[in-house]
Structure formats: C-alpha cells, structure tokens
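Colleague: One structure, as structure tokens, below. Some questions next.
The values are calculated or read from the model by the stated rules, or taken from the named source; none is laboratory data. Since we're looking at a predicted model, the values are computed, not measured. Methodologically, a virtual Cβ is constructed for each residue, glycine included, from the backbone with ideal geometry; neighbour enumeration extends over all protein chains shown. Heavy atoms of the whole protein, side chains included, go into the accessibility calculation; ligands, DNA and RNA do not. Shrake-Rupley method; radii C 1.70, N 1.55, O 1.52, S 1.80 Å.
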Amino acid sequence: MDSKNQFQIENLGPARFNSPLQLSKVKGDKIFNFIRDTDRFVFDLSMERYNQCLQTGEEPLCLEKAGPRQDIFFEPGKSSAAIVTCGGLCPGINNVIRGVVMALHYFYGVKRIIGVPYGYEGLNPEKGHEFVELTPDKVKDIHQFGGTFLGSSRGAQDVSVMVDTLENNNIDMLFAIGGDGTLKGVNAIGEEIMKRNSKISVVGIPKTIDNDIDLIDESFGYETAFDVASPILRDAHNEATGAYNGITIIKLMGRDSGFIAASAALAMPVVNFVLIPEMDFTLDGDEGFLKVLERRLEQKKHAVIVVAEGAGQQLFTEKRGIKDASGNIKHEDIGLFLKEKIGEYFKGKSVTIKYIDPSYIVRSAPANSSDSVYCSRLAYHAVHGAMAGKTKFVASKVNNKYVYVPIAEVTKKRKKIDLEGEFWFSVLQSTGQPFSLGQ
C-alpha cells in the first residue's frame, strides 16, 4: 500500500442495507448527519506539511472519520457479534463491553451477542471455555467495576482454529479489546478471514494503560491509571517528609513507555525524580542519579522518586531473559534494585527508604468519569464501523477527532515519550530534575 493510501480502511463488500438509525442527510436541520466515507481529517496538521502540499500539489494524508453510515453491510436484526478482551487488565474494559453491547442491541437490533471468555483462549475449543450470552440486562451495571467481565488471558492461539470457531458459530463481527499484541492478533484473524473470502468484520478497540499504541492520541484506561496513581504519590510524599532524609520510591507500570509515571508526576507535583524507559541514566559519577539524589537530600531533606517498570534495564548486568505469554521480556525489578543501590550508597548515614509498588491496584480500578465517556464513544464508533462492513481497523481518536485507522498502522511500533518534546519538558520543570542523569 503506498503512503497516500496507508490509512485506507478495508471493506468486506458493498453496503447492501439501509441503516435503521433515523439520522439526517442534510446540514442545518439540527439532527446528527450520517457520516460519508469521503469525510476525512488531515493527519499531519503542521504548517510545514501544509506548505509542502501547497508547493507540490500533493494531497495530504487523511484519516477516515468515524461514525454511523447511511448504508450498512450487515442486515440489522439478523447479524451476530462477539466480544473478546485480551492481555492485562485496564480501567474501562467493562465500559467498552457495555457500550458495544448496548450499541449493537439498541442502535442496530443485533440480538445475538457472544462474550468470548478468557481472551483468545475462548476461541480455541480445546481450552473448554464456554461462550457467554451478552444482553443489555446482563451488562448494564458492569461499568461500575474494574477488571473484565469476560476474563482475559495472554498469548496467541492458532489463527486458523480461531477463524474456524467464528465461522462455526456464525459470527459476523468480532470486537477485540486489547493492546499491541491483541491488535496484531485480531489483524491476523482478519487476514485469515480474507483468505477464506469470509464476511466477518474484525475491529480493534485499543486498550493499554501504558498509552504506548502508536498514532492515536491516547488509549482508554491511561487517564484513570495516572488519576489513581496520583493520590498514591501524595501519600508517598507524606512518608518521605515524615522522616529526616526520607526517600520514597514508587514503581508504576510502563514496560516500554513512561507515560503513566510522567503524567502522574505532573498531576501530583510533589515528585522530584521521574525515571522512564525512554531515558538512559547512570547511578554513579558526579552527575549520576545517586549524587544528584544526595544533593537533593542536602537541600530539602526528602525525595520522592517515581520509576516506570521498564526504566533502567541497562543497569542490570545479569538478565534472565524470561518472556511472558505474550512474548514480552519480563523486566528486572528496577524498584527493588534502586532501593538496594540507594541503601548501599547512603550506608552509615541517616536515611529512611520506603518502597511502594501499587501496579495491580492501578490497573484494576474502574474507569473515572473522563475515561468512561471515552470508552462509550469508542464503543459506539467501533459498532458503526463494523456494521458498515469495515474491517481490520481500530476506532480511536487522532488530533482530538474520532477516526478509523488500519490496525496494521498502529502496530508498526510502540509510542514513546519524546525526550525533546514539550510533554517531557513539563515533567522536568515540575520535578526540577536535570535534563540528564550521568549520560
């Protein structure tokens, strides 16, 4: 696919049915209008790119606007859908499940909605997990709770077997809620479906508290994650200031990207150091972390350190190289490592060190109000796209607009914090830490 068409959304075929939604086709009547496939948003909003397009006459790269279409592919009331949740827990999963069920049932009259238990394992009959029938009554209250109503799992299953399961159960649409691995998995399912010339739409709804899915503004659950982490940082600050030369270390999730740690520190500006996977730092030397920490204690008599789980992995001389079921390298525990090294450095001095790891509390919390709104809107847009016969896309927000993006585009690489960007500069201004620590 050439660059001009890299954001083109694939379709199962021509739209054959009229949408049951009573929306408008004209502007100005104060009723929401159907979205046309030609409705687009420009991807790169920079003046530099704008001028380049003016000079060359090149059409700017655009994203397809999300929303309900006037003509749809699946027949209302006679279609079926399945929902699966995969990977680690994240605030808002149940909100998305609820939103998808409600939209399918009430907007389009889809009565047969299947919940796939325990991630992609649920699409492998050998695992013995039974499908769950999802109805509005069954899911109406699940948004009040964290976790996932359907259960989750990590790891891949045989793609051919999963597609067999979808076909054998006459599933027309599959909604997969998950992060990078989940999205790659559902894209592979979509590829197999197309090879068979089957007419099953596969849709991704991006979920990860790490906020590391590329291109999109943010993934759901991320905002709740640093919202939940913020009061923990407040309490950690109380612990630090409650002792002479008190140090608290708080480890937050962030395997490859430090967005939660950085945002939590901005939201609760009592943090003095934020260590993230994107930055290299050393412990020793006059500008190393330990010496800078010592100077901080000399001046203020306390310090609060937030570290993302994937930070500082270069400091470990011996690595186990163990992988989880998703194929991700299990990182060494940087939080305990820092506690040990700080303790050794200040041995014989009056220093109190407290270590806090709230990771699973953060990811298991129910969505806050802002994330709840986001989850519902993502769910609705995902349903509209699937009913129109679009496939292998994610419903997401880019440049603050709801759009459809090909799954293949958002899984090319992980999104990371730009150390030269304004966001990270804001973190450094908040903490007062140096631009570099020994590098």
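Colleague: At 1.4 Å probe size, with every protein chain present, just tell me what the per residue accessible area of the range 166-219 comes to in Å².
Modeller: Accessible area per residue, the range 166-219: 30 Å².
Colleague: Using the Cα atoms as the points, what is the convex hull volume per residue of the range 124-171 in Å³?
Modeller: Value for the range 124-171: 97 Å³ per residue.
Colleague: Which value, to two decimals, describes the C-alpha radius of gyration of the range 363-439 once divided by 2.2 N^0.38 Å?
Modeller: 1.54
Colleague: Between ASP164 and GLU298, what is the FRET efficiency for a Förster distance of 60 Å, r being their Cβ-Cβ separation, to the nearest 0.05?
Modeller: 0.35
Colleague: Charges only on Cβ, +1 for Lys and Arg, -1 for Asp and Glu: so what's the dipole of the chain about the Cα centre, in debye to the nearest 20? It would help to have the intermediate numbers written out before the result.
Modeller: Working: 51 positive and 55 negative charges, 165 e Å.
In total the dipole reaches around 800 debye.
Colleague: Another question, then. Which listed residue (ILE260, THR248, LEU293) has the Cα farthest towards the positive end of the charge dipole for the chain, taking +1 on Lys and Arg C-beta and -1 on Asp and Glu C-beta about the Cα centre?
Modeller: Farthest along the dipole direction, towards plus: ILE260.
Colleague: Take the eigenvalues of the Cα gyration tensor for the range 249-359, scale each by 5, and report the square roots as semi-axes in whole Å, largest first.
Modeller: Square roots of five times the eigenvalues give 24, 17, 12 Å.
Colleague: Given axes a ≥ b ≥ c from the Cα gyration tensor, I'd like to know whether the range 79-183 is rounded (a/c under 1.5), prolate (a/b larger than b/c) or oblate.
Modeller: Numbers: a/c = 1.87, a/b = 1.17, b/c = 1.60.
Oblate, because a/c is 1.5 or more while a/b does not exceed b/c.
Colleague: I'd like the carbon and sulfur percentage of the solvent accessible area for the chain, probe radius 1.4 Å, heavy atoms only, ligands and nucleic acids excluded.
Modeller: Carbon with sulfur: 49 percent of the solvent-accessible area.
Colleague: Considering all alpha-carbon pairs of the range 345-394, what whole percent are spaced by more than 13 angstrom?
Modeller: Every Cα pair in the range 345-394 considered, those over 13 Å come to 74 percent.
Colleague: Tell me which of VAL110, PHE226, ALA236 sits at the most positive position along the dipole axis of the chain, charges placed on C-beta atoms (Lys, Arg +1; Asp, Glu -1).
Modeller: After comparing all options, I get VAL110.
Colleague: Are there DSSP H segments in the chain that both extend 15 Å or more along their axis (alpha-carbon positions) and score a mean Kyte-Doolittle hydropathy of at least -0.5? List them, or say none.
Modeller: Long hydrophobic helices here: 180-195, 222-241, 334-345, 369-387.
Colleague: What's the magnitude of the charge dipole for the range 196-348 around its Cα centre, counting Lys and Arg as +1 and Asp and Glu as -1 at the beta-carbon? Answer in Debye, nearest 20.
Modeller: Computed charge dipole of the range 196-348: roughly 340 debye.
Colleague: Return the Rg/Rh value of the chain, two decimal places, where both radii are evaluated on C-alpha atoms and Rh is the Kirkwood radius.
Modeller: Using Cα coordinates only, the ratio equals 1.02.
Colleague: Please state, rounded to one decimal and in Å, the Kirkwood hydrodynamic radius that the range 293-419 gives when every pair of distinct Cα atoms enters the mean of 1/r.
Modeller: About 19.3 Å, per the Kirkwood formula over Cα pairs.
Colleague: Right, here's the next one. Roughly how many nanometres apart are two label points built 7 Å out from the Cα toward the Cβ at LYS199 and THR241?
Modeller: 6.5
Colleague: Something else now. What Kirkwood hydrodynamic radius do you get for the range 1-65 when you take the inverse of the mean 1/r over all pairs of distinct Cα atoms, in Å?
Modeller: Final number for the Kirkwood radius of the range 1-65 is 14.7 Å.
Colleague: Counting only heavy atoms of the protein chains, get the accessible area per residue of the range 232-312 (1.4 Å probe) and round it to a whole Å² value.
Modeller: Values: 2640 Å² over 81 residues.
It amounts to 33 Å² per residue over the range 232-312.
Colleague: Among GLN429, GLY343, SER201, flag the residue with its Cα farthest along the positive direction of the charge dipole of the chain, charges on Cβ as +1 for Lys/Arg and -1 for Asp/Glu.
Modeller: Value computed over the given set: SER201.
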